[in-house]
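Notes follow the structure.
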Amino acid sequence: MIWRSEAGKILQIEQGDITRVEADAIVNAANSHLAGGGGVDGAIHRAAGPEMRRELDAIQARIGTCPTGQAVATGAGLLPARFIFHTVGPVWSGGGRREAELLASCYRVCLAMAEERGLESIAFPAISTGVYGYPMRGGAEIAIGEIRRHLMEGAKSLGRASLVLFGEEALRIHEAVLRGGAV
Ligand code: APR
């Protein structure tokens with residue numbers, strides 16, 4: 001499903017494996033230790049290879065941990081992208097610990113990092129909705145809200161953002177949120 005801003009900027013919602021998507025930047029749902037893990041993080045580490053791991057280790061040695069809601073950038077190793085933005089989503093613990101604000105920050109920070117580098121395209125997974133337990137519907141509302149706002153108001157170089165969903169249920173929920181109807 002595709003949404004277009006008046007200026008022709010595109011938000012695309014698709015089902016797939018984000019390691020196979022071509023985009024200038026691919027976003028990784030990382031952890032604050034930048035240590036790799038399961039889910040998207042594991043898939044990106046396996047597919048990108050050791051060069052990205054070395055870059056991440058060097059960043060980790062310099063900054064220690066990456067705070068929740070923030071992101072760091074590396075090259076993309078063997079992936080068909082120029083950069084990987086490793087962002088740390090919030091762990092869902094009921095909604096009272098600023099989870100929504102922190103998740104919105106992940107999307108905003110990555111969109112800003114893409115603009116700073118003059119990138120034209122970026123692909124996001126559904127940050128925090130796996131191991132970190134963020135409810136899919138709430139996560140979809142934040143992802144779509146933040147990306148659309150950026151494409152309507154703040155986008156300079158970026159012409160296309162994709163949300164790449166792993167499962168059919170995640171796709172269905174994101175499409176319903178984008179249509180603005182009931183899930
Ligand atoms: N492509 C696209 N989406 C994927 C892929 C993939 N290859 N693999 C998993 N997903 C989906 C999941 O189904 C989920 O909806 O990405 C979403 C995010 O799930 P996680 O990868 O578990 O990320 P998150 O919930 O943010 O948890 C982060 O998991 O692996 C660890 O190191 C990571 O500790 C961190 C935590």
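Convert 37 °C to kelvin, take the viscosity as 0.692 mPa s, use the Kirkwood radius over C-alpha pairs of the stretch 2-179 as Rh, and evaluate the Stokes-Einstein diffusion coefficient in µm²/s, rounded to a whole number.
Values: Rh = 15.9 Å.
Estimated via Stokes-Einstein, D reaches 206 µm²/s.
Can you give the extra length, in nm with one decimal, that the chain gains between Arg179 and Ile10 once fully stretched, where that is 0.36 nm per residue apart less the Cα-Cα distance? Before the final figure, lay out the partial values.
Working: separation 169, 0.36 × 169 = 60.84 nm, distance 1.46 nm.
Full-extension gain reported as 59.4 nm.
Per the 1.4 Å probe, what fraction of the accessible area of the stretch 2-179, in percent, lies on carbon and sulfur atoms?
Numbers: 4000 of 8130 Å².
Carbon with sulfur: 49 percent of the solvent-accessible area.
What is the sum of charges, Lys and Arg at +1 and Asp and Glu at -1, for the other residues whose Cβ falls under 11 Å from the Cβ of Pro90?
Working: positive: Arg97, Arg98; negative: Glu99, Glu101.
With Lys, Arg at +1 and Asp, Glu at -1, the neighbours total 0.
Among 108-115, 152-159, 120-127, 72-79, how do they line up from the highest to the lowest mean number of other beta-carbon atoms within 10 Å? If you can, show how the numbers build up before the last one.
Details: 108-115: 20.2, 152-159: 13.9, 120-127: 23.8, 72-79: 18.8.
Top of the packing list down: 120-127, 108-115, 72-79, 152-159.
Arrange the residues Val131, Val40, Val91 by how much accessible surface each exposes, largest first, with a 1.4 angstrom probe. Intermediate results must be reported in sequence, preceding the final value.
Details: Val131 135, Val40 45, Val91 85 Å².
My answer, sorted largest first, is Val131, Val91, Val40.
To the nearest 10 Å², what's Ile63's accessible area with a 1.4 Å probe?
Ile63 exposes around 80 Å² with every protein chain in place.
State in Å² the accessible area per residue of the stretch 2-179; use a 1.4 Å probe, count heavy atoms of protein chains only, and round to the nearest integer.
Details: 8130 Å² over 178 residues.
Heavy-atom SASA per residue in the stretch 2-179 reads 46 Å².
Could you tell me the accessible area of Glu101 in Å² (1.4 Å probe, neighbours in place), rounded to the nearest ten?
Per-residue accessible area (Glu101): approximately 100 Å².
Please compute the length gained on full extension between Met152 and Thr65, using 0.36 nm multiplied by the number of residues separating them and subtracting their Cα-Cα distance.
Working: separation 87, 0.36 × 87 = 31.32 nm, distance 3.25 nm.
Between Met152 and Thr65, full extension yields an extra 28.1 nm.
The values are calculated or read from the model by the stated rules, or taken from the named source; none is laboratory data. Being a predicted model, the structure only gives us computed values, none of them experimental. A quick note on method: Cβ atoms are made from the backbone with ideal geometry, for glycine too, and the neighbour counts reach across all protein chains shown. These area figures cover heavy atoms from the full protein model, side chains too; ligands, DNA and RNA do not enter into them. Shrake-Rupley method; radii C 1.70, N 1.55, O 1.52, S 1.80 Å.
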